[in-house]
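Reading through the C-alpha cells given below for one structure.
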Amino acid sequence: MLILHCPYCGVDADETELSPGGEAHLTRHGPGSDDTDFESYLFMRENPKGPQFERWRHAMGCGKWFHAARHTVTMQVFGTYPAQTQRPPQEILDRISAAQPGWRWRDLGDEGQRA
Amino acid sequence: MTSYRLTTPGRRIVRGRRLNFTFDGKPHEGLHGDTIASALMAGGRTLMGRSFKYHRPRGPVTAGHEEPNALVGTGTGSRFEPNQRATTTRLHEGLRATSQNRWPTLDHDIGAINSRLSRFLPAGFYYKTFTWPAAFWEKVYEPIIRRSAGLGRPPEGPDADRYEHFYAHCDLAVVGGGVAGIAAALKAAREGKRVLLLEQDTLWGGRSITDGTMMEGEAPADWTAARIAELEGMENVTLRLNLQGSGVYDHGYLTAYEWVAEDRPGADAPRHRLWRIRAGHIITATGAIERPLPFAGNDIPGVMLASAVRDYVSDYAVTPGRRVIIVTNNDDAYRTALALLDAGVTVPLVVDARHEAAGELARQVRDRGVEIATASGITAEGGKEVTGVRVVDIAGNGSGGRLVRCDAIAMSGGWSPVPHLWSHCGGKLLWDDAQGFFYPDPDRPPLGADGMGMVSAVGAAAGDLTLSRAGLRQDSKGSLTEQPTRPVWVMPEGAGPDLRAKMFLDYQNDVKVTDVQLAAREGFVSVEHAKRYTTLGMATDQGKLSNINGLAVLSAQVGNSIPQVGTTTFRPPYVPISMGSIAGAARGDIFQPLRRTPLHDWHEARGTRWEPVGHWRRPFCYPRAGEDPHAAVMREVKNARQTLGLLDASTLGKIVVKGPDAGRFLDLLYTNMMSTLKVGRCRYGLMCSENGFLMDDGVVARLTEDTFLCHTTSGGADRIHAHMEEWLQTEWWDMQVYVANITEQWAQIAVVGPNARKVLEKLGGMDLSRDALPFMAWAEGEIAGLPARVFRISFSGELSYEIAVSANHGKALWDKLLSAGEEFGVMPYGTEALHVLRAEKGFIMIGDESDGTVIPQDLGLGWAISKRKDDYIGKRAQERVHMTDPKRWKLVGLQTLDGSVLPDGAYAVAEGTNENGQRNTQGRVTSTYHSPTLGHGIAMGLVLNGPDRMGEVLDFPGTDSTVHKARICDPVFYDKEGAKQDV
C-alpha cells in the first residue's frame, strides 16, 4: 500500500486516503480534433513498466488533485507535485534519470523532459 | 500409541494446572501451557487427522505453524473454527476439538480406501478423469467432488467473537523475537529509533533456548531475559508476544496477526487483532524451518521433524515414543538424540545419510552408547503408527536392509530459512547448494518509496543458521563446529517407483515424489504449473515443509538446477488468519455508514419499506395496516395526482457552484447552456462523461449572478462533486470557481398535487402564486415562519413545489405540512410512487434509461443539448461515427396489448439469429410499471428506429416462456401538453 506526499496539505497520505486518476499530462482534445488525436487522448496510455506520471486525489484529506512520479514495478516514488502544470518539475525528471537512465515517456510538449 | 508425558520439566507447562478438553467428543486432560497436540500426545494419541486425498492416518509432524497434518476444528456453533493447527492452538479449560476429513471416525475411516486406490489417483487425475462424457459433469462428477472436497467444514451462523484492527507506526519493525531479532531490535533502540519487536510465540528467545547454545558467554535464557528487560525499559520500544508478522506490502506496510483472547472464548476482548503497521524499515528475523526427509513411509503417525521432537521433550515434557530413531543428513538432529537421552527415552539408532558423522554433537551421542549408521537411509514400517525402520544403503535402491524396531522417528533433512516476509513484496532469493536452501539476497531486497531496500533479513532467516555472521555465538564454550549437511532429496537415492510412491512431499495434499516426477514427465516443468497440477504446496501450510523437497525432485526430473527451477510465489498471509480479523470492526451496523435524512426517524416510525439509494435509505412506500406494497404505491400515486402528496427529497444532491467563471464552467459541464439562465430561474440539465455517455441529470437554479445551485441524482452527489473538482483542478484551473457539496445542509420536501399551492398558502409566508413564482422559477422567503428556498419544479407532472429549509428545520416543516394538509387528504409517497409518476410523464431516470452506454441523443433529449456551444464534456465523443449512427436504439413508450406490465429488462426480438444462434434483438425495456392513473401497464424502452415506428407491435419474450406483445407509443403517457404542472 503506497504512501504519497500530498504537495498541498503536506500529509504523507496512505493509499486509503487517496483515489487514483490514471496517467497525468494528457492533452485534452475536444470538438474539432481529429479522430486519431481524440482516440489518443481518451484511450491511449503509456502504461509503462517503469517510471510513470500519474494523477491522484487526496480524496479523504484535503481533496486536492496532485501528480506523482512513480516506478510501476519497484514502487519508488520520485516525487509528487501539484496538478496545475503541463510538465513535471525538472528536479523530479533528474531524479528519474539518475535512477533509470534512458527511461522514456510520451512527448510532454516541450524539450528537455527526457534524459 | 506410545507417546507419553515425561517426568522431566517442560518449560511451557504448569504441572499443577490441569485442563479438561474433548477430542472427538471424548474427554482428555492436559496441562496449562499445552497445545492440543502436546496434550493429546501426552495422553498417548498421535493420530490426529486424515490427509486430504487418500485419507491416510496422520499425526503431528511439527510443533509449530508449519504443521500440515494435525488440523482440527475447535469450538462449537458460532465459535467453531476449522483447520486450526493443533500444534499451535493453546489448550484452555473446556476446549472442544474435532478431527477432520474422516468418516465415520478418525480411527476407522471409510475414505481411507482412496489410499488403496492411490495408483488410480495420480497427479492431475481430476483433469484426466472427469472430462467425459460432458453431460456427467454437472449431475455426477461435480456433486461427488464437492462432497469429498474441502478440508473441515465451515462455521455456521454469525461469528460470536469480535475482532479489531490496530494501527502502529515505527522506524523499525523487527519480526521475530528470537536472539537475532532481539539483538537487532536492541541495536536500533539504543540508537533512539522507535522500534516494534513482535514474536509469534508466547515466549521470547526462539529456538536458542531449546537448543541451549551459549550466547555471548551467557545461557540463552539469561541472555534473552536480560535484553528483553532492557528493551522493556525503553520508551521508544514496543514489545509484543503472540503477534505474528503476516504480510509485507509496498512502502513499508506490514500486517501482523495477534492472538488476543483466542484461548478465552467469551472474554471481553477481541479474539484476534490485525495490526496495520507502517514501518520505516522491516527486519525479518523469522528463523528457519526444518525439512522432512523423503523416505518411504515418512507420513506414518510417529514420524516427526527432529526439532519438533526436541520441542515436545523440552517444552511440554512429552515424547512421541519410547524408542525413537533419528534419521538425518546433518549435525543438528543429534541435539534431538541428546534431548531424548537426557529425558530417559531410548534412542536405539541414529541413521545418518553422510559418509561420516564426525562432528562434536555426533561424538557426544556416540559416547552415550548410541549406534550411528552412516551412509544410510531408511524406509519406515507401520500403518497407523510407526513400528520400525529398515536401514538401507543411502545410495542403493532400498531393497533389503535390517529391521530395527522403534515407535517413533525423528527426521531432519536440514533447515530452510523462512523467506516469506522478505519475498512478499519482491525480495529475491539465492540458492545455497551446500546447505540446500534458498536465502534472501541482500543485494536484491524489496524496495521502498525511496528506492532503497525496505526489508533486511538477519540470523537464521538470512541463511546464517549458526548465527556466526550475526556475531552472537562468539565464545568457544558454547559454539560447536557443525559438519556440513548432505542434501538428500530422495532416500535412498536409488529408490524405485514403489518406494517413491510412498515418499510424501506435501503431507496434507498427499503429493508424493512420484506425482512431481509424473507432472514433469507430462510437461509441467514450470514450477508454477507443477504446483497447480500436483497441488504441491497448495495446502493450508502453503508448502512450508514441502516446497524445497518438491523443487529438488522437480529439478532433478527436468535436469535443471534448483535455482533455475525457482520457487513458487510467496504470498501473504504467512499462515492463514481469521476472516474476522480482516473485517475488524467493520461488520453489522458499522460495515458501511448509513446516511439518514432529517426525516429518517419519522419514516422509520411510520413502518416504511426502505430502499437503499447510494448510502442513503429512502422510503420505498408507506404501507398501511393490511396493505401490500403494490397497493400502497398505487394509493400514493393516485393521491398525488388527485390531491396532495409529500416526498422527502432531501437526498437530492445539491452542489453550489460559485465564482466569476461559474456560468462558463457549467456550460462546459452540462450539455445545456447554463450561463444564459436568469437569476431566479431553473433549468433541467444533462451531464455527460468525456466519453459522451449520459452520467447525471438535475435542475440547476441560478441563485445570484455568480452562484448556481446544481441538483444531482440522489446517488450521484459525491461523484458529481468529485467530477467538478477534477475538471476545475486538473483541466480548467484558470477558472475562478468554487464548488461545494451542500447536500446534507438542506432538507428538501416536494409538495405535489393539485392542492400543493393551497396547503402552502395555508401555512403562510411568501407569495407562491403563479405570477410571483411561475413554473421553473425559484424564490427565497419564508414558509410557516421557516426560512426557505422554494423551487417550482416538477418530477411528477403535477403542480409541485420543492421546498428547501436548513436541515434542522426539515422535521418542523414536514410536521406542519402534514397537519395543514390533513384537510386535503395529504399522504407521503415513496420512491416507487415517484418512479411511477415520472414514468407516466415519460421523464427519464438515470440508471434506468441510462446505463453507461446511452447518450442523451438516444433518449430524445436533443432539446437539452445546446447547438450554440463550442464545447462541453462529451461533445467531441458524441460526434464519433458510432454515436451518430441512425441505428442506435432510441427511447419510445411501450404499451402492452392486454394492459399487463412488461417484464423489466425484457428484449424485443427481431427476425433471424446471430452467429451464436441466439435470437436477434431490436430493443429492450428500461422502465416498466402499472399506471394507476391510466389503469394499464406502461413502459419505456430503447428500440431500433423506435420513434419512426409508432404503432408497431413488438414481441418481448419473458423468462417464463410467454411472449408479451407491446405497441410502440409516445413515452409521455399522461398530460402530454404539460398543462398540469404549469398552473
Report task. Say whether the condition of being within 23 Å of B:Arg664 (Cβ to Cβ) and surrounded by 18 or more Cβ atoms within 10 Å (Cβ to Cβ) is met by at least one residue in segment B:886-905. Result -> no
Report task. Considering each of B:Pro572, B:Pro598, B:Pro629 in turn, give the residue that is within 30 Å of B:Asn83 (Cβ to Cβ) and in contact with a helix residue (DSSP H, G or I) (Cβ under 8 Å, 6 or more places away or on another chain). Result -> B:Pro572
Report task. Restricting attention to segment B:434-451, report how many residues are in contact (Cβ under 8 Å) with a residue 24 or more places away in the chain and more than 14 Å from B:Ile282 (Cβ to Cβ). Result -> 6
**Report entry** Residue that is within 14 Å of chain A (Cβ to nearest Cβ) and either closer than 26 Å to B:Asp696 by Cβ or in contact with a helix residue (DSSP H, G or I) (Cβ under 9 Å, 6 or more places away or on another chain) (or both), where the choices are B:Lys841, B:Lys867, B:Lys890
**Finding:** B:Lys867
Report summary line: The lone condition B:Arg264 fails out of (1) modelled with pLDDT under 95; (2) among the basic types (Lys, Arg); (3) in a helix (DSSP H, G or I) is (3)
Query raised in the report: With respect to the numbered conditions (1) of a type in the set (S, T, N, Q); (2) assigned to a loop (DSSP other than H, G, I, E, B); (3) touching a strand residue (DSSP E or B) at 6+ places or on another chain (Cβ under 6 Å), which one is the sole condition not fulfilled by B:Thr928?
Result: (2)
Report task. Write out, first by first residue and then by second, each pair whose Cβ atoms fall under 9 Å of each other, whose residues are 6+ apart or on separate chains, and whose first residue, in segment A:83-106, is free of Cβ contacts under 8 Å to residues at least 12 places away in the same chain while the second is exposed (fewer than 13 other Cβ atoms within 10 Å of the Cβ) and of a type in the set (Phe, Trp, Tyr). Result -> none
Report task. List every residue pair whose Cβ atoms lie under 6 Å apart, where the two residues are 6 or more positions apart in sequence or sit on different chains, the first residue falls within segment B:511-524 and is at positive phi, and the second residue, located anywhere, is part of a helix (DSSP H, G or I) and crowded, with 24+ Cβ neighbours inside 10 Å. Result -> none
Requested in this report: With the condition kept exactly as written, say whether any residue in segment B:665-676 is in contact (Cβ under 8 Å) with a residue 40 or more places away in the chain and over 21 Å from B:Tyr738 (Cα atoms).
Outcome: no
Query raised in the report: Do we find a residue being in contact with a Cys (Cβ under 6 Å, 6 or more places away or on another chain), within 30 Å of B:Ala188 (Cα to Cα), modelled with pLDDT of 95 or more and not hydroxyl-bearing (Ser, Thr, Tyr) anywhere in segment B:447-463?
Result: no
Query raised in the report: Taking B:Asp589, is it over 30 Å from B:Leu430 (Cβ atoms), surrounded by fewer than 18 Cβ atoms within 10 Å (Cβ to Cβ) and at pLDDT 95 or above?
Result: no
Query raised in the report: How many residues are more than 26 Å from B:Met452 (Cβ to Cβ), of a type in the set (D, E, K, R) and away from every other protein chain (no Cβ under 11 Å) if we restrict to segment A:51-89?
Result: 1
Requested in this report: Can you confirm whether segment B:877-885 contains a residue that is away from every other protein chain (no Cβ under 14 Å) and not in a helix (DSSP H, G or I)?
Outcome: yes
Requested in this report: Looking at (1) away from chain A (no Cβ under 14 Å); (2) outside any strand (DSSP E or B); (3) under 30 Å from A:His29 (Cβ atoms), find the lone condition where B:Asp697 falls short.
Outcome: (2)
Query - Boolean, B:Gly426 is surrounded by fewer than 22 Cβ atoms within 10 Å (Cβ to Cβ), in contact (Cβ under 8 Å) with a residue 12 or more places away in the chain and either touching a strand residue (DSSP E or B) at 6+ places or on another chain (Cβ under 9 Å) or not assigned by TED's automatic domain parsing to the domain that holds B:Gly247 (or both) - result: yes
**Report entry** strands (runs of 3 or more DSSP E) contained entirely in segment B:369-483, each with at least 1 residues that are within 14 Å of another protein chain (Cβ to nearest Cβ)
**Finding:** B:455-457
Query raised in the report: Cβ-Cβ below 7 Å, separation at least six or inter-chain, first residue in segment A:22-50 and facing chain B (nearest Cβ under 9 Å), second loosely packed, with under 12 Cβ neighbours inside 10 Å and in a loop (DSSP other than H, G, I, E, B): which pairs?
Result: A:Pro31/B:Asp870
Query raised in the report: Do the conditions hold for B:Pro623, that is, is it assigned by TED's automatic domain parsing to the domain that holds B:Val751, in contact with a helix residue (DSSP H, G or I) (Cβ under 6 Å, 6 or more places away or on another chain) and assigned to a loop (DSSP other than H, G, I, E, B)?
Result: yes
Query - Enumeration of residues in segment B:10-29 that are out of contact with any Gly (no Cβ under 7 Å at 6 or more places or on another chain) and closer than 13 Å to B:Tyr312 by Cβ - result: B:Gly10, B:Arg11
Query raised in the report: Which of the residues belonging to segment B:70-112 are part of a loop (DSSP other than H, G, I, E, B), closer than 13 Å to B:Leu47 by Cβ and modelled with pLDDT under 95?
Result: B:Gln100, B:Asn101, B:Arg102, B:Thr105, B:Leu106, B:Asp107, B:His108
Query raised in the report: If you take the residues in segment B:528-538 that are crowded, with 24+ Cβ neighbours inside 10 Å and of a type in the set (A, V, I, L, M), which one is farthest from B:Ala70 (Cα to Cα)?
Result: B:Ala530
Report summary line: Among B:Thr213, B:Thr255, B:Thr224, the single one that is touching a residue at least 40 places away in the same chain (Cβ under 8 Å) and part of a loop (DSSP other than H, G, I, E, B) is B:Thr213
Requested in this report: Please enumerate the residues belonging to segment A:1-21 that are facing another protein chain (nearest Cβ under 9 Å), in contact (Cβ under 8 Å) with a residue 40 or more places away in the chain and assigned to a loop (DSSP other than H, G, I, E, B).
Outcome: A:Leu2
Report task. Pick out the one residue from B:Trp727, B:Trp732 that is assigned to a loop (DSSP other than H, G, I, E, B) and within 43 Å of the chain's Cα centre (by Cα). Result -> B:Trp732
Report task. Evaluate the following for B:Gly247: is it in contact with a Pro (Cβ under 6 Å, 6 or more places away or on another chain), under 24 Å from B:Gly453 (Cβ atoms) and either surrounded by 22 or more Cβ atoms within 10 Å (Cβ to Cβ) or within 14 Å of another protein chain (Cβ to nearest Cβ) (or both)? Result -> yes
Query - Scope segment B:796-813; condition under 22 Å from B:Asn639 (Cβ atoms), surrounded by 22 or more Cβ atoms within 10 Å (Cβ to Cβ) and touching a helix residue (DSSP H, G or I) at 6+ places or on another chain (Cβ under 8 Å); matching residues - result: B:Ser796, B:Gly797, B:Glu798, B:Leu799, B:Ser800, B:Tyr801, B:Ile803
Report task. Could you look through segment B:250-270, keep only residues that are among the charged types (D, E, K, R) and in contact with a strand residue (DSSP E or B) (Cβ under 6 Å, 6 or more places away or on another chain), and pick out the one that is nearest to the other protein chains (Cβ to nearest Cβ)? Result -> B:Glu258
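The values are calculated or read from the model by the stated rules, or taken from the named source; none is laboratory data. No experiment lies behind these values; they were computed from the predicted model shown. Neighbour counts run over all protein chains shown; Cβ positions are idealised from the backbone, glycine included.
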